[in-house]
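Report on one structure; see the data block that follows.
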Amino acid sequence: MDRVTERKMKTRLLGKTPDELKEIAAEAGLPAFAAGQMAQWMYVKKVRSLDEMTNISKEGRRRLSEKYEVGVTGYSGMQVSADGTKKYLFPVACTKMRGLALADRGGVPEESLEHGAVEAVMIPDDDRATLCVSSQSGCRMGCRFCMTGRQGFHGHLSAADILSQFISADESDRLTNAVFMGMGEPLDNYDNVMRAIEVLTAGWGFGWSPKRITVSTIGVLPALKKYLDESRCHLAVSLHSPFPDERLSMMPAEKAFGMEEILDLVRQYDFTGQRRVSFEYTMFAGFNDSIRHADALSRLLRGLECRVNLIRFHRIPDFPYGCPPDIVIRRFQERLNANGIVATVRASRGEDILAACGMLAGRHGSGAE
Ligand code: SF4
């Protein structure tokens, strides 16, 4: 084994809680308050190296660096759309044993990692800047209309990988909102997503209000229940049809996580206050855009304090459906509104740089890049 392959990965401090940092500080012979200092350097000042933590002694930093690194990953590529939307490409290293989280890649021999990329999209809108973040490299849900789904599953992102998207975006200091709606199914990577949300919302972390964060899911059960119990962030559920058999034909996950069970669960929670639930409904011409669908969707959601987001579909190769004309989308929206369901049509952003919903493919992509 040569020197390169013998190299072990350092453990990343990014994503650690103050309690965990205290243990690391003690291990390096540092006082307990160094944990708070490290958290402040990483989550408030957003430094990228231990050397920048200048109120920690030089010797302390040296001892820390024997095993640890901050672990911020910078972006390796960036494209800007004509409408100001930006797509970032982030390198990620996945363990070859798929499904293993990367949170603890510390100590893992470098040769047991394979390298890929994930994308994050920054969407500017007046005084808002929303970051659409990825939670996995690829995805195992296999939705037919999604480029990420087509590339298969490569690995869960660690909390450090997720937080790096926030820290490394050029707009890091002026981000107002985040949606877990990039590559991957966030509730399939529950622990790392929740760890990232903890850092984003904690007083010792980024200090964001949970109201600034939305997790978008196809409704992975029972992780969805845990999410509703353990978080105060918003929820978006991908429906795409009011009929289970039709949904199944687009989303194989309907078989395991049926929409009726998902809705039964969602109805047990209160969305009349600060927390919101919305339903994502991608419009496919001739598939789910009829008045019959609008009426069935209205019946399905009746009595639930919610919103429906109608999403224009962006055609992808080898998929039979396109996007309905605007007039059909408007008629669908008006029918929902007339039925008492609040529905909005999501503005199409970043289409020219393949940054719209369902188009993210990273470097494992199959033809979208
Ligand atoms: S739409 Fe979401 S859940 Fe479905 S394959 Fe794509 S990334 Fe996965």
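No value in this document is a laboratory result; all are computed from the given coordinates. It should be emphasised that the depicted structure is a prediction, and the values quoted were computed from it without experimental measurement. Don't worry about glycine lacking a Cβ; one is built from the backbone with ideal geometry, like all the others, and counts go over all protein chains shown.
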- [ ] With a point put 7 Å past each Cα toward its Cβ, work out how far residue 191 is from residue 19 in nm, to one decimal.
- [x] 1.5 nm
Open item on the list: For residue 236, what residues show an amide H to amide H distance below 5 Å, using hydrogens built from the backbone and excluding near sequence neighbours?
Closed with: 215, 216, 217, 278
TODO: Compute the distance in nm between two label points, each set 7 Å from the Cα along the Cα-to-Cβ direction, one at residue 304 and one at residue 248.
DONE: 1.9 nm
Task: Whether the range 240-369 is rounded, prolate or oblate, judged on the alpha carbon gyration tensor where a/c under 1.5 counts as rounded - done: prolate
- [ ] For every helix of n ≥ 4 consecutive DSSP H residues, a contribution of -39,500 (n - 2.57) applies; sum these over the chain, divide by its total residues, and give [θ] at 222 nm rounded to the nearest 500 deg cm²/dmol.
- [x] -8000 deg cm²/dmol
Open item on the list: Rounded to the nearest angstrom and ordered from largest down, what semi-axes does the equivalent ellipsoid of the chain get from its C-alpha gyration tensor (root of 5λ)?
Closed with: 38, 22, 18
TODO: Could you check the simple spin-label distance between residue 128 and residue 58, using points 7 Å along Cα→Cβ, in nm with one decimal?
DONE: 4.9 nm
Task: Theoretical FRET efficiency, 1/(1+(r/R0)^6), r = Cβ-Cβ of residue 140 and residue 330, R0 45 Å, to 0.05 - done: 0.80
